[in-house]
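For reference, the structure discussed in these notes is given below.
What follows is calculated from the coordinates using simple rules that are stated; it is not laboratory data. Since the model is a prediction, treat every value here as computed from it, not as a measurement. So basically every Cβ, Gly included, is an ideal-geometry build from the backbone, and we count neighbours across all protein chains shown.
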Amino acid sequence: MLRQFSIWRPCSVAKNNHKIGFFFKWCFDRIAALAGLVVLFLPLLVIAILIKIDSKGPVFFMQKRIGKGGKPFRICKFRTMIHQSEGDSITTATDPRVTRIGHWLRHSKVDCLTELVNVFIGQMSLVGPRPDVPGYADLLQGDDRRLLQLRPGITGPASIKYRNEEQLLAQQADPKAYNDTVIWPDKVRINLDYLEHWSFGGDIKLIFKTLFH
């Protein structure tokens, strides 16, 4: 009994500490998202006006993504493509669907700032795996499905590594095949490592790395 207790107790404490840490992460996300939306209100308003001037269509792009627990939600981003354009979900740096201001928004990642709304209402986190479109989460098998324990994030270790993903895809003969067989599996590996070694301090470092990289 003593041996069983000595093994169980550290695991139980670690699990509880992990839950407390993620609860603190959830609180920090919502406070930081609200502060970010207030501070960035005027710059975001200017960007919205420029999008309307640049091309016809709505300012925001709403799309179904997969969130925590596999639950779908609608992500809010600045529109960077021609309104009602059709095509593959994989986008390259030379995609003709991207508008003039859209190229800058995507390259600078400014189009993701409106996702602070998703963070504030609890659908996303500041740091975590990028939310996939339906279909990719279904490919997660076995231990990989632990990623669904996380809220998707605006930034994360995989996002930082593949910051120039669209440029990389533009260099491939088959961008979708390269994404599905090389980039996506690598992102899964990176995000699993993030889940296993998560810390609040690590999140802060990733946020600063995103802002000043």
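Of everything in region 132-142 that is in a loop (DSSP other than H, G, I, E, B) and out of contact with any Lys or Arg (no Cβ under 9 Å at 6 or more places or on another chain), the residue that is surrounded by the most Cβ atoms within 10 Å (Cβ to Cβ) is Tyr136. Among residues belonging to region 64-80 that are of a type in the set (D, E, K, R) and surrounded by 13 or more Cβ atoms within 10 Å (Cβ to Cβ), point out the one that is nearest to Arg145 (Cα to Cα). Only one residue fits best here, namely Lys68.
Of all residues in region 197-213, those being farther than 17 Å from Glu165 by Cβ, part of a helix (DSSP H, G or I) and more than 14 Å from the chain's Cα centre (by Cα) number 8.
If you take just the helices (runs of 4 or more DSSP H) that sit entirely in region 144-196, which of them hold at least 3 residues that are touching a residue at least 40 places away in the same chain (Cβ under 8 Å) and of a type in the set (Phe, Trp, Tyr)?
Helices (runs of 4 or more DSSP H) meeting the threshold: none at all.
For region 173-180, the condition of being in contact with a Lys or Arg (Cβ under 8 Å, 6 or more places away or on another chain) and within 23 Å of Ile75 (Cα to Cα) holds for none of the residues.
Residue by residue, here is whether (1) of a type in the set (S, T, N, Q); (2) over 15 Å from Val133 (Cα atoms); (3) surrounded by fewer than 19 Cβ atoms within 10 Å (Cβ to Cβ) holds:
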| position | (1), (2), (3) |
| --- | --- |
| Met62 | no, no, yes |
| Ile82 | no, yes, yes |
| Ser89 | yes, no, yes |
| Val98 | no, yes, no |
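Whether any residue in region 166-185 is among the acidic types (Asp, Glu) and within 18 Å of Pro152 (Cβ to Cβ) is what I want to check. No, region 166-185 contains no residue that is among the acidic types (Asp, Glu) and within 18 Å of Pro152 (Cβ to Cβ).
Being closer than 30 Å to Phe28 by Cα, surrounded by fewer than 20 Cβ atoms within 10 Å (Cβ to Cβ) and of a type outside the set (S, T, N, Q): is that true of Ile154 here?
Considered against the rule, which asks whether it is closer than 30 Å to Phe28 by Cα, surrounded by fewer than 20 Cβ atoms within 10 Å (Cβ to Cβ) and of a type outside the set (S, T, N, Q), Ile154 comes out as no.
Sort out which residues of region 80-116 are part of a loop (DSSP other than H, G, I, E, B), under 16 Å from the mean Cα position of the chain (by Cα) and of a type outside the set (Ser, Thr, Tyr), and write them in order of number. Within region 80-116, Ile90, Lys109 qualify. All told, Pro129 meets the bar of being in contact (Cβ under 8 Å) with a residue 24 or more places away in the chain, part of a loop (DSSP other than H, G, I, E, B), in contact with a strand residue (DSSP E or B) (Cβ under 9 Å, 6 or more places away or on another chain) and buried (at least 19 other Cβ atoms within 10 Å of the Cβ).
Quick check: anything in region 45-60 over 28 Å from Gln171 (Cα atoms) and in a strand (DSSP E or B)? The answer is yes; a qualifying residue exists.
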